[in-house]
């Protein structure tokens, strides 16, 4: 067995690591994980889904639809808050003059 320098060993390890990552990504693309929508059971899941308002996947995370609904809800709350602040500012300026 021939001796290799530290640099050569590190380079070989990097090449192996890149190849391993490439193969894992390829496998993940060919074999996607099937996620089913489930009902929240634990307290943490209920908190995550806001008492079942948003879809929860079988992997314990929100589904794409659940994330979209949650983001839509947050944006709506922000818009309503900003509109109320703008109206409040106009009323305050009107009362000052």
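The values are calculated or read from the model by the stated rules, or taken from the named source; none is laboratory data. Please read all numbers here as calculations on a predicted model, not as lab measurements. Virtual Cβ from ideal backbone geometry, glycine too; neighbours counted across all protein chains shown.
List of remarks:
- Restricting attention to the range 26-38, the residues being part of a loop (DSSP other than H, G, I, E, B) and surrounded by 10 or more Cβ atoms within 10 Å (Cβ to Cβ) number 1.
- Residue within the range 58-68 that is at positive phi, in a loop (DSSP other than H, G, I, E, B) and modelled with pLDDT under 85 present: yes
- Being under 19 Å from the mean Cα position of the chain (by Cα) and assigned to a helix (DSSP H, G or I) is not true of residue 82.
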